[in-house]
C-alpha cells in the first residue's frame with residue numbers, strides 16, 4: 001500500500017498543507033460545537049437529507065432532496081414500491097446508525113457486512129447477497145445526468161475479494177493504531193482500495209461513502225455531521241471518477257499511485273469546511289434564530305456587559321420580567337451569551353466569538 005502513497009515533492013507539500021488546514025479547523029470545531037445549538041441541529045438535519053439524496057443520485061436515483069425529506073417523514077406509513085425509495089430508506093437507516101453509534105463500530109469484516117446488509121435491507125432484489133461478498137465479476141460504471149453510462153474501471157475478481165479485503169483491513173487498522181501515517185491519508189487510502197476491490201455485487205459506492213463518514217467521525221472530524229460529504233462528491237462527480245480512474249489505470253502495476261485521489265479527498269474536506277464557515281458567518285450576521293426582542297436584549301448586553309437581569313428589566317420596561325428571564329435562558333442555550341455567578345450576583349456577558 002505504501003508504494004501507492006509515494007508522492008512527488010510538490011504533491012507532498014500540497015497534501016501537508018491541506019491536512020494542516022483541516023486539522024486546524026478540526027480543533028476549532030471541537031470548541032465551537034461543544035454544545036449543539038438550534039442552528040447546528042438544523043444544519044445537521046439538512047446535511048443528512050443532502051447526504052442521502054446525493055449518495056443515491058450518484059448511483060442513478062432520481063429523487064430530489066425535497067422528495068427524500070417527505071419520504072423519510074412519512075416512512076412509517078409509506079410503501080417502498082420503487083427501487084429509488086428502497087435505496088433512500090436503506091441509506092437513511094444506515095447513516096443514522098453510523099451517526100448514532102460510530103464510537104462503538106470498529107472497522108471489521110463483520111461490521112462492514114452488517115452495514116451492507118442494513119443498506120440493502122429494503123431492496124427486495126438484493127436479498128440474496130445481503131452482507132455477502134460478490135460471486136460475479138462487476139465493474140464500476142458511472143451514470144451521468146443525461147442517463148448515459150461509462151465503465152470507469154474493472155474491479156477485483158470474486159475469488160480474490162476475501163484475501164484483498166482482509167489485507168486492506170489489516171493495513172488500515174494498523175495505520176490507525178500507529179503514528180507513521182496521518183489518519184486522513186489512511187482513510188483516503190482505505191476508500192480508494194475499497195472501491196477498487198468493489199467487494200459486493202451492489203451497493204459498493206453508497207457503502208464506501210457511509211464508511212468514509214464512519215471513519216472521519218471516529219477520528220474526530222465531527223464537522224462532517226453538519227455539512228454533507230456526499231453532496232460535495234455529487235457536485236464534483238466528474239473529478240471523483242477522474243481521480244479514481246487515474247490510479248485504477250495502473251491497477252496491480254508497480255506504477256499504481258493514488259496521489260490524485262488523495263488530493264481529491266482532501267480538497268473535498270477543505271471545501272466542506274469553507275461551506276460550513278460561510279454558513280456560520282451568515283448565521284452570526286443575522287443574529288441566529290432570534291426574534292426582535294431577543295436581539296434587543298443581546299445588543300444591550302453587548303453594549304453594557306456585564307449586566308444583571310434587573311438591568312435589562314429597568315431599561316426595557318415594555319418587556320415582562322419572566323419573558324426576559326426566558327429569553328436569557330434561550331440566549332445561553334444558543335451560545336450567544338454566558339452567565340456568570342449565581343442568584344442575585346448572576347451577570348450575563350456576550351460571547352467573544354460572536
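What follows draws every value from the coordinates through simple rules; no lab data is involved. Bear in mind the structure is a predicted one, so any value in this text is a computation, not a measurement. Heads up, the Cβs are rebuilt from the backbone with ideal geometry, glycines too, and the neighbour counts pull from every protein chain shown.
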Name the residue, out of 114, 268, 292, whose mean-square fluctuation peaks in a Gaussian network model built on the chain with Cα pairs under 10 Å.
-> 292
Dmax and Rg, reported as Rg then Dmax, of the range 195-302 (C-alpha, Å) | 19.8, 67
Would you mind computing, in nm to one decimal, how far apart the modelled labels at residue 82 and residue 12 are, each placed 7 Å from Cα along Cα→Cβ?
-> 5.1 nm
How do the peptides 213-225, 253-265, 197-209, 161-173 rank, highest first, by the average count of neighbouring beta carbon atoms within 10 Å per residue?
-> 197-209, 213-225, 253-265, 161-173
Arranged from highest to lowest average of other beta-carbon atoms within 10 Å per residue, in what order do the peptides 187-194, 342-349 appear?
-> 187-194, 342-349
Subtracting the Cα-Cα distance of residue 170 and residue 319 from 0.36 nm times their residue separation yields 47.3 nm
The range 11-166: Rg/Rh from Cα coordinates, Kirkwood Rh?
-> 1.01
Computed over the chain, the relative contact order (Cα-Cα under 8 Å, seq sep at least six) in percent reads 20 percent
Taking the simple approach of a point 7 Å from Cα along Cα-to-Cβ for both residue 246 and residue 302, what is their distance in nm?
-> 4.4 nm
For n ≥ 4 DSSP H runs only, could you compute -39500 (n - 2.57) per run for the chain, divide by its residues and tell me the 222 nm figure to the nearest 500?
-> -20000 deg cm²/dmol
With Cα atoms, 0 to 90° folded angle of helix 204-218 axis to the chain main axis = 40 degrees
Listed highest first by mean packing, meaning other Cβ atoms within 10 Å per residue, what order do 233-242, 328-337 come in?
-> 328-337, 233-242
Under the classification rounded if a/c is under 1.5, otherwise prolate if a/b is larger than b/c and oblate if not, where does the range 122-246 fall, given a ≥ b ≥ c as square roots of the Cα gyration tensor eigenvalues?
-> oblate
FRET E, pair residue 150, residue 253, Förster distance 25 Å, beta-carbon r, rounded to 0.05 = 0.70
Note: the range 179-245, point scatterers on Cα, Debye, no solvent; log10 I/I(0) at q = 0.15, 0.21 Å⁻¹ equals -0.51, -1.00
What is the order of 139, 117, fewest Cβ neighbours within 10 Å to most?
-> 139, 117
Applying the gyration tensor rule to the Cα atoms of the range 292-350 (axes a ≥ b ≥ c; rounded if a/c under 1.5, else prolate if a/b exceeds b/c, else oblate), the class is rounded
Take the Cβ-Cβ distance between residue 139 and residue 279 as r, set R0 to 45 Å, and report the resulting FRET efficiency rounded to the nearest 0.05.
-> 0.75
Please give the length that would be gained between residue 163 and residue 44 if that part of the chain were fully extended, namely 0.36 nm times their separation in residues minus their C-alpha to C-alpha distance (nm, one decimal).
-> 39.1 nm
Please give the helix 83-101 orientation as an angle from the longest Cα principal axis of the chain, in degrees from 0 to 90, rounded to the nearest 10.
-> 60 degrees
Cα-derived Rg to Rh of the range 224-282, Kirkwood definition | 1.12
Rounded to 10°, Cα long-axis angle of helix 38-58 versus longest principal axis of the chain = 20 degrees
For the range 2-284, the fraction of alpha-carbon pairs in successive 10 Å shells from zero, as % = 6, 29, 38, 22, 5, 0
